[in-house]
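Okay, structure first, notes after.
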Protein chains: 2
Amino acid sequence: MTEKNIQATYLIETSFPLEKAAAVMAGEQSCGTFLRTPGETDELRENHAAEVLSIEETALIEKPGLPGARRFPGGEIRQAIVTLGWPLENLGLNLCNLAATVAGNLFELAPFSGLKLLDISLPKLFAEKYPGPAFGIDGTRQLTGVENRPIIGTIIKPSVGLSPEETAIQTKMLIDAGLDFLKDDELMGDAPHSPFERRVDLVMEVINRFADKTGKKAMYAFNLSGEIEDMKRRHDYLLAKGGTCTMVNINWVGISGVLALAKHSQLPVHGHRNGWGMFSRSPVLGMEFPAYQKIWRLAGVDHMHTNGLRNKFCESDASVVRSILSCLSDFIGTKSPMPVLSSGQWAGQTVDTYEAVQSTDLMYVCGGGIVAHPGGIAAGVESIIQAWDAAMNGRSLEEHAREHSELKQALEFFNPEK
Amino acid sequence: MTEKNIQATYLIETSFPLEKAAAVMAGEQSCGTFLRTPGETDELRENHAAEVLSIEETALIEKPGLPGARRFPGGEIRQAIVTLGWPLENLGLNLCNLAATVAGNLFELAPFSGLKLLDISLPKLFAEKYPGPAFGIDGTRQLTGVENRPIIGTIIKPSVGLSPEETAIQTKMLIDAGLDFLKDDELMGDAPHSPFERRVDLVMEVINRFADKTGKKAMYAFNLSGEIEDMKRRHDYLLAKGGTCTMVNINWVGISGVLALAKHSQLPVHGHRNGWGMFSRSPVLGMEFPAYQKIWRLAGVDHMHTNGLRNKFCESDASVVRSILSCLSDFIGTKSPMPVLSSGQWAGQTVDTYEAVQSTDLMYVCGGGIVAHPGGIAAGVESIIQAWDAAMNGRSLEEHAREHSELKQALEFFNPEK
C-alpha cells in the first residue's frame, strides 16, 4: 500500500458507528463514495483510497451540534477525533487541491452533526514546491531593526475615511512616538478618498524622512488586496517608494492570489485573516488555526493574525495561545510566519503572553492600549516596551511599574480591575 | 449624508439591546469601534460611517447558538434581521475589500452568539468593473448545443486514481450514452497519475472525434485549480485542444485567482464550491448562498454548484431552491451563472425541481442516478430526459412513465419508497 503521507485530523460528531462514519469521510475525499464505482478496481483502491488511521471517541453528546444530519437508527451521538491519511500521489503538490482534499466536501456529509478540521501534516516535498514565507520572523526583524523584544505596532484608525494627507499626519505622530509597525485597516485599500498610490506617496515620505533622520524605519503594511496585476503593480510602486510591507485579506484574495503576490514580492506579506470567524467560531464546524496557518504559510504569508490574550473578540485565550505556538513551530522546514497579536492589547497582557508562548518573536499590535495612554502615544509605546521587559525578566507588571512610570500609568488607567 | 448603496443583511443573535449590537457591527465595519477615535470627525462619520438601515427582531432564544459571546447584564438572547449600509466611497470597486467589508471581522464580535450574512446588494457600478460570467446560461447552451431542457451531466468516478487512458475510456462510454456534460472530480487536478495535459489530450481526442461524427460536442470541465500562471497555461492548452470548459475550486483559488482566470479565459468557468459547508452549515454563522453567489458571479464564475433536491448532503430543499433561484435572478445586469444541481440526483427529483424553480436553465448532474440505471448508461440519460419532459409538460413521473420505459425502469429501480 502507498504511504499515506498527507494526514488530517478532525473532530467529528455523528450518530453513526464511528468506523462507518470515518469510512464515509475517507471515501468521499478519495475514490468516491464508500460504495464501489465500476472503475474502482482493487489496485486503484490500494493506491488511492484514503485510509482511516485512527479513531478516538471523546464524548457522548445529547443534542446534535448542527442540524440536518442523518440519524443512525438507535445510534447515540458521539464525538471523536479521527485521522485520515492520503498518498501524495492522489493530488500532487497543489495547494488548492490539497485544501479541497482535507477541507472540501466533508462538512456537509449527511452522517455528521459536526466536523472540524483540527490539523494537517504534509510531506516535506510541499516545502520544495511552496517554500513558505520569504521573510518570516528574521526578515521582519531585519527590516524593522527591532531585536530582542516584540515588534510594537498599531493600526491607522478610523478604519476608513482618512485622506492620504490625514493618514500621513497620523503616521508621523505614531512613528514620532516610537512605533515599529503600522498598518492599514483591512477595510482600507484603494478607495476614492484614499487612492493607494497617493497614500503610499505621503506615508512613505514621512517614514523615509524619519528613517533618514533617526536610522529607524517603521514598517507600514499597505493593504493592496485586489486583482493579481493590480497587486503586483501596487507592490512595485510601494517597493520603489521604499515601502517594506504589503498586506492582503487572505481569505478573499485566496491561495492562488496570495501565491502570485508572494512569488512576485520583494517585501513581507502581512496576512489579514478577516472572515476567519466563519471558519472557526463554531466548536464543531470549520477548521482550527493550526491547519489554517500551515496552508497560508506555504502560500507565502509572512505575518499571520492570531488575536491576543483577553481580546475583544470571542476567541478564548487557549485558542489564541495554540494559534501563536502553531505559527512559531517548525513546519516541514519552512520559516515561521510572525504571529500578529491584536485586539484589546495593552501592557496588561504581556507577562501572561510571554509565560504562555515563551517567545518575543511576535508583533504586538495595540490600538487604544497605546494611543489612549494618559501620558500620550510615546508613553503608550514606552509602557508596552517596559511591560515586555518585565515579562522577559520574570518580573510582575506591578513590581516593574514601581520603577517605570509609563507602565505604572498604564496599569492605573487600563486595568479593568481597578 | 452619502448614499449607502452597498447593503448587507444579517441574521444576528445577541443578548445586547439590538440597536446597540447593530451599532457595534456598523462601527467595526466602517470607521472603527463604536467609540470615537481621535481622527474621527463629524464630517468623516457623516461620509463614511456604516448605517444601520433596519432591525427586525425575529425570535427569543433560550441557549446561545455559539459559545464565547459576551452576555449583556440581564439581557435576553434575541435573534434579529439587521441591514447595514455603506457608501461605495468607503472601498471603491474592489471585490476583495467588499468581502472584507460585508463578511470580515464581524463573525467574532463579542456581543454576538450568532451572525450570518444573508444577502448583499450592490450598486450597478460593480458590474462595470466586474462584468460577471462571460458565458453564463446562454453561452453554455451554445457550446453544448442543448436547448429547451437542462444540460445533463455526470462526474468521472472514482474521484481519484484513474489514469488519463481510463478517464478517456470512461468519457467515451459516457458521451456515447448521450451525456451533455462531464467533469473532473474536485479532488482531481494535475496529479502524477493523471497529469493535466495528458488527460486533456486523451479526453479531448474522444470528445472531438465524437463531435466530428455526430455534431454533438460534450462539455468536459477540467479542474485546473492552482497557481495563476499554471491555470492560464492549462486554459490555453485546453482551448488549443478544443476543450470547452475549465473548472476551479473557487474557495481555495480565491477571488483574485478566479478573476485572473476568468479575465484570461475564452471558456466558461465551472465554479466548484467544495468547502462551502464550512460557510453555510451552521444556522447562525457564516453566509448564505444568495450573498456568496453574487461575489462569485462578479468574479466571473459561469456555473455555480447548488446541490439538488433531496441531496445526500445535509442541505434542505428550501435552501437548495433558494440557491438555484438566486443564480437565476437578475443581479445588477450581470449574466446568470448556470446552477449546477448535483448530489443524489436521478429522474425522481425533476418534477419537484421544475415546480420549485420554474426553469430548465440548469445543469442536472447525476452519478448513480444515470450510470446505475438497470438499462445501462444510455437508458439512464434517457430516463432523465424523459423525466424533464414530464416536468416541463406538467405531467407526473408515474403518468409519463407509462409511455416511457427508461423512466419506468428508473422509477422502479431508484425510488426509495418502492
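Observations on the structure shown:
- Top-ranked residue in region A:237-272 [being touching a His at 6+ places or on another chain (Cβ under 8 Å) and under 20 Å from B:Val102 (Cα atoms); ranked as nearest to the other protein chains (Cβ to nearest Cβ)]: A:Asn249
- Filter result for the condition that a residue is away from chain B (no Cβ under 13 Å), in a helix (DSSP H, G or I) and surrounded by fewer than 16 Cβ atoms within 10 Å (Cβ to Cβ), over A:Glu205, A:Glu165, A:Glu147: A:Glu205
- Restricting region B:132-144 to residues that are touching a strand residue (DSSP E or B) at 6+ places or on another chain (Cβ under 8 Å) and part of a helix (DSSP H, G or I) leaves a set whose member that is surrounded by the most Cβ atoms within 10 Å (Cβ to Cβ) is B:Thr140.
- Residue within region B:330-337 that is free of Cβ contacts under 8 Å to residues at least 40 places away in the same chain and surrounded by fewer than 21 Cβ atoms within 10 Å (Cβ to Cβ) present: yes
- Residue in region B:138-147 that is in contact (Cβ under 8 Å) with a residue 40 or more places away in the chain, hydroxyl-bearing (Ser, Thr, Tyr) and within 30 Å of B:Gly394 (Cβ to Cβ) present: yes
- Within the set A:Leu118, A:Leu179, A:Leu187, the sole residue that is outside any helix (DSSP H, G or I), in contact with a strand residue (DSSP E or B) (Cβ under 6 Å, 6 or more places away or on another chain) and assigned by TED's automatic domain parsing to the domain that holds A:Leu267 turns out to be A:Leu179.
- The residue pairs whose first member lies in region B:361-390 and is farther than 23 Å from A:Cys31 by Cβ, whose second member is of a type in the set (S, T, N, Q), and whose beta carbons are closer than 6 Å, counting only pairs six or more residues apart or on different chains, are B:Pro374/B:Gln409; B:Gly375/B:Gln409; B:Ala387/B:Thr350; B:Trp388/B:Thr350.
- Selection of region A:311-336 for residues being within 11 Å of chain B (Cβ to nearest Cβ) and of a type outside the set (A, V, I, L, M, F, W, C) yields A:Asn311, A:Lys312, A:Glu315, A:Ser316, A:Ser319.
- Scanning region B:41-79 for residues that are out of contact with any Gly (no Cβ under 7 Å at 6 or more places or on another chain), under 30 Å from B:Leu125 (Cα atoms) and not hydroxyl-bearing (Ser, Thr, Tyr) returns B:Asp42, B:Glu43, B:Arg45, B:Glu46, B:Ala49, B:Val52, B:Ile55, B:Glu56.
- Residue under evaluation B:Gly344, criteria (1) at negative phi; (2) surrounded by fewer than 21 Cβ atoms within 10 Å (Cβ to Cβ); (3) not polar (S, T, N, Q), criterion not met: (1)
- Applying the criterion of being in contact with a helix residue (DSSP H, G or I) (Cβ under 8 Å, 6 or more places away or on another chain) and acidic (Asp, Glu) to the residues of region B:108-140, the residue that is nearest to the other protein chains (Cβ to nearest Cβ) is B:Glu108.
- Applying the condition of being in contact (Cβ under 8 Å) with a residue 24 or more places away in the chain and of a type outside the set (A, V, I, L, M, F, W, C) to region B:85-107 and asking which residue is farthest from the other protein chains (Cβ to nearest Cβ) yields B:Gly85.
- Flag if A:Asn90 is under 19 Å from A:Met287 (Cα atoms) and of a type outside the set (A, V, I, L, M, F, W, C): no
- Scan of region A:142-161 for residues that are under 19 Å from the mean Cα position of the chain (by Cα) and either of a type in the set (Gly, Ala, Ser) or under 22 Å from A:Leu298 (Cβ atoms) (or both), ordered by number: A:Gly153
- Residue in region B:347-367 that is on the phi < 0 side of the Ramachandran plot, at pLDDT below 95, outside any loop (DSSP other than H, G, I, E, B) and in the same structural domain as B:Pro158 (by TED's automatic domain parsing) present: no
- Residue match in region A:215-222 (condition: away from every other protein chain (no Cβ under 13 Å), surrounded by fewer than 18 Cβ atoms within 10 Å (Cβ to Cβ) and not β-branched (Val, Ile, Thr)): yes
- Here is the figure for region A:168-202: residues that are within 14 Å of chain B (Cβ to nearest Cβ) and free of Cβ contacts under 8 Å to residues at least 40 places away in the same chain total 16.
The values are calculated or read from the model by the stated rules, or taken from the named source; none is laboratory data. None of the values given here were measured: they were computed from a predicted structure. Because the Cβ atoms are built from the backbone with ideal geometry, glycine has one as well, and the counts that use them run over all protein chains shown.
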